[in-house]
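This report refers to the structure that appears directly beneath it.
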Amino acid sequence: MTRFADPQRIRSLIEGLDAFTATPGRGTTRLTYSPQFRAASDYLRAQMESAGLSVREDAIGNLVGRLEGRDPGLAPLLIGSHFDSVPNGGKFDGPAGVAAGIETAFLFRDHGLTPERPIEIIAMIEEEGTRFGGGLVASRILTGELDTASLGSLPDDDGITMAQAMAAYGLDPAQAGRAVRQPGSVHAFLELHIEQGPVLEAQGEDVGIVERIVGMAQLKVTFRGQAGHAGTTPMTARCDALVGAVAALSRLPGLAYAMGRDAVLTVGKLEVRPGGANVIPDRVTFTIDIRAPAEEVVRELIGQCRAVIGQAGGNGLTAEVEEQMFVAPTPLSPELHDRLLRNAGQLGLKSRTMVSGAGHDAMILAGFAPTGLVFVPSHKGISHAPEEWTDYGQLARGIDVIFTSACELTLPAGQAPASPRPAS
Ligand code: GLV
Ligand code: MN
Ligand code: MN
């Protein structure tokens, strides 16, 4: 039983949003600034408006719905997550947190509540980095960590830069800097996310309250050789970029095994050019995603990867490593952690404190404003796959924690509504 949030309304929002995928029937594929992304943004705008929010698209395409406060000059409470996806992913990674924000706005409306300080619901772009690499792009721009002057040098796989894609989406890249928020301008950030792992479901728990997010890095590796004819070039005369890349690749997982200390390493993207069955490859690119709870482990693994890749170069092959992203392990606000945990308890929910192995916008915003992150169970722990699933009742229970905490953070003491939700 949920005390406040409406599972049917949440279901309708998430399933409505999931219509906007480039791969119908094969999971959710919604790349930042794609036609599906524009349609999803229009859909979310309508949802935010029906929850009573005034909606604007910021200078980089984040959608922001504002519930005005009695004092509009106070720094807003920000609630939300992202609405881009991985290739062939699931419908909850990101949208669950956007739905949490919009449902919170509906609940303020249903209960006739006006916050003292504004509440802004945010649906962010490019958290996954699927299109432009690195990830966490919206939060890195909002907090001033990523210089918007660099958007012209972030290409997608087709060579279209983020600045060019923004322009095609109807935004002016020269104005991107207007999306940057000033220090002190956000009161706090709350994000709800699916766990993406098996713990909560296995333990029969309703919510996880995150205290820390692991450190992570993403590298892009490029091997360059010489293209040539597959039939006429002797084996001794080749400079095959794929042979070098595979020599390095095959050693990489072993580095994380040998490291231990909960380190994980993934090569999830590999591209061979020019890509003809009878052409010796002249360019191979692949990504390396490295995560570990301890910063020195992530740094040590980056160094080891560089060494292995360097050894696979030579003999005419060049190998280049670009660090696309590095985020140190991030503690979230202890005050918000305790508040979220206490509110989960008061709602009668079973909860636990967790460390997140996944990256989230919360890990960037945590350096900018007090930040709290609530996990809800993922069925069988599956995520980044079409099978990703969270029961809507469980999602609603997590949203109850966000809503009651948002009430505490924005209403005068004693004004939070008593459950159950009134008929609307
Ligand atoms: C986001 O899903 C990440 O952890 O990479
Ligand atoms: Mn994800
Ligand atoms: Mn996510």
Inset, instruction - Add +1 for every Lys or Arg and -1 for every Asp or Glu among the other residues with Cβ under 11 Å from the Cβ of R70, and state the total. - result: -2
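Eigenvalues of the Cα gyration tensor times 5, then square-rooted: what semi-axes does that give for segment 72-223, in whole angstrom, largest first? Walk me through the intermediate numbers first.
Numbers: eigenvalues 163, 105, 41 Å².
Those come to 29, 23, 14 Å.
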Legend entry - At least 24 Å along the helix axis (C-alpha) and Kyte average at least -1.0, DSSP helices within the chain: 295-312, 392-410
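When a/c reaches 1.5 or more, the comparison of a/b and b/c decides; with that in mind, is segment 1-148 rounded, prolate or oblate per its Cα gyration tensor?
Values: a/c = 2.17, a/b = 1.27, b/c = 1.71.
Oblate.
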Inset, instruction - For M325, tell me the accessible area in Å² from a 1.4 Å probe, rounded to the nearest 10. - result: 10 Å²
Legend entry - Proximal aspartates and glutamates to K220, defined as alpha-carbon separation beneath 13 angstrom and excluding residues fewer than eight positions away on the same chain: D156, D157, E271, D289, E320, E322, E323
Inset, instruction - Jot down the per residue volume, in cubic angstrom and as a whole number, of the convex hull over the alpha-carbon atoms of the chain. - result: 139 Å³
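Give me the percent of DSSP beta bridges within the chain that run antiparallel, rounded to the nearest 5. Don't skip to the end; give the middle numbers.
Values: 44 of 65 bridges.
Here the antiparallel bridges make up roughly 70 percent for the chain.
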Legend entry - Under 30 Å from K350, Cα to Cα: lysines that are on another chain or at least 8 residues apart: K91, K380
Legend entry - Percent antiparallel among DSSP beta bridges (both partners in segment 1-157, rounded to 5): 60 percent
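Once you order the gyration tensor axes a ≥ b ≥ c over the Cα atoms, which shape class does segment 1-79 get: rounded for a/c under 1.5, otherwise prolate or oblate by comparing a/b with b/c? Present the calculation step by step, with values, prior to reporting the outcome.
Numbers: a/c = 2.75, a/b = 1.35, b/c = 2.04.
Cα axes put segment 1-79 in the oblate bin.
Mean residue ellipticity at 222 nm from the helices of the chain, using -39,500 (n - 2.57) per DSSP H segment of n ≥ 4 over the full residue count, to the nearest 500 deg cm²/dmol?
-9500 deg cm²/dmol
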Inset, instruction - Choose one of L219, V355, P377: the residue whose Cα lies farthest towards the positive end of the charge dipole of the chain (beta-carbon charges +1 Lys, Arg; -1 Asp, Glu; about the Cα centre). - result: L219
Legend entry - Prolate/oblate/rounded label for segment 123-196 (Cα gyration tensor, a/c 1.5): oblate
Legend entry - Euclidean distance of C-alpha centroids, segment 220-270 and segment 129-197, integer Å: 30 Å
Inset, instruction - Give me the distance between the Cα centres of segment 1-50 and segment 316-372, rounded to whole Å. - result: 24 Å
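Based on the inverse mean of 1/r over its pairs of different Cα atoms, what is the Kirkwood hydrodynamic radius of segment 216-327, in Å? Before the final figure, lay out the partial values.
Numbers: mean 1/r = 0.0689 Å⁻¹.
Result for segment 216-327 stands at 14.5 Å.
The values are calculated or read from the model by the stated rules, or taken from the named source; none is laboratory data. Computed from a prediction, not measured in an experiment: that's the story for all the values here. Positions of Cβ are generated from backbone atoms using ideal geometry, with glycine treated the same way; all protein chains shown enter the neighbour counts. Accessible surface is based on the protein model in full, side chains and every heavy atom, while ligands, DNA and RNA are left aside. Shrake-Rupley method; radii C 1.70, N 1.55, O 1.52, S 1.80 Å.
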